[in-house]
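The values are calculated or read from the model by the stated rules, or taken from the named source; none is laboratory data. Remember, it's a predicted structure, so these values are computed and weren't measured experimentally. Methodologically, a virtual Cβ is constructed for each residue, glycine included, from the backbone with ideal geometry; neighbour enumeration extends over all protein chains shown.
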Amino acid sequence: MTSEHLGVVDALPYFDKGYDDPGIREAAALLVEEEMKRYRPTKNYLEHLPSLSGPIQMKFETEVMKAEFDRLSNRLPMEMLSMKRYELPPPPAGKMTDVKAWQDAMENAEAQLEHQATRIENLELMAEYGCNAWKQYNNVLENSLQIYEKELLEIR
């Protein structure tokens, strides 16, 4: 291992078989305790790594991300999700006898009902066919990977 990798903290949650065997948990706890004695983190233990600010950051940062980062840095609360589109308001009080206002309200209700029916239908289709479609897509990706790896070997 090179010296540049010595400061990398690897904290991935590995799952090993036999962890519940007698003495294993205690041995693992001792290893962790020993490692913690050797590792004295600084306030910013990643400061030796290159910064992602500048051209690299600008390449991936969108306007939405910038606005969200600004909101977070200013400690502003997240905007509440507007539920207005899911409401079924009746016509205004002054137009309760207006046929056109009631027709508009009914069209709104019908559109929302159709939208919900479509969502339910999509969920049913996904429950029935989604798993197989995902497996087929993974097979396509694996086959593409094999083809590209073969082409790469031929090029080399």
**OP:** Please name all residue pairs, on different chains or six or more residues apart, with Cβ atoms under 9 Å, provided the first residue is in segment 64-86 and is within 30 Å of Ala111 (Cβ to Cβ) and the second residue is of a type in the set (Lys, Arg) and surrounded by 10 or more Cβ atoms within 10 Å (Cβ to Cβ).
**Re:** Met78/Arg71; Glu79/Arg71
Original post:
Just wondering, is there one or more residues in segment 82-101 that are assigned to a helix (DSSP H, G or I), surrounded by 10 or more Cβ atoms within 10 Å (Cβ to Cβ) and modelled with pLDDT of 90 or more?
Top reply: yes
Original post:
Just one of Asn132, Asn108 is in contact with a Leu (Cβ under 8 Å, 6 or more places away or on another chain) and without any contact (Cβ under 8 Å) to a residue 24 or more places away in the chain; which is it?
Top reply: Asn108
**OP:** Give segment 67-81 a look and list any residue that's among the hydrophobic types (A, V, I, L, M, F, W, C) and part of a helix (DSSP H, G or I), or say none.
**Re:** Ala67, Phe69, Leu72
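Just wondering, is there one or more residues in segment 26-43 that are out of contact with any helix residue (DSSP H, G or I) (no Cβ under 9 Å at 6 or more places or on another chain), under 27 Å from Phe69 (Cα atoms) and at pLDDT below 75? Can you show your working first?
As a first pass, look at segment 26-43 and keep what is out of contact with any helix residue (DSSP H, G or I) (no Cβ under 9 Å at 6 or more places or on another chain): 26-43.
Filter again for under 27 Å from Phe69 (Cα atoms), leaving 41-43.
From what's left, at pLDDT below 75: 41-42.
Within segment 26-43 (the criterion being out of contact with any helix residue (DSSP H, G or I) (no Cβ under 9 Å at 6 or more places or on another chain), under 27 Å from Phe69 (Cα atoms) and at pLDDT below 75), the answer is yes, since at least one residue qualifies.
So for segment 102-117 (the condition being of a type in the set (Phe, Trp, Tyr), assigned to a helix (DSSP H, G or I) and surrounded by 10 or more Cβ atoms within 10 Å (Cβ to Cβ)), does at least one residue qualify?
Quick first cut of segment 102-117, residues of a type in the set (Phe, Trp, Tyr) only: 102.
After this cut, where a residue has to be assigned to a helix (DSSP H, G or I) as well, the list is 102.
Then keep just the ones that are surrounded by 10 or more Cβ atoms within 10 Å (Cβ to Cβ); that gives 102.
Yes, some residue in segment 102-117 is of a type in the set (Phe, Trp, Tyr), assigned to a helix (DSSP H, G or I) and surrounded by 10 or more Cβ atoms within 10 Å (Cβ to Cβ).
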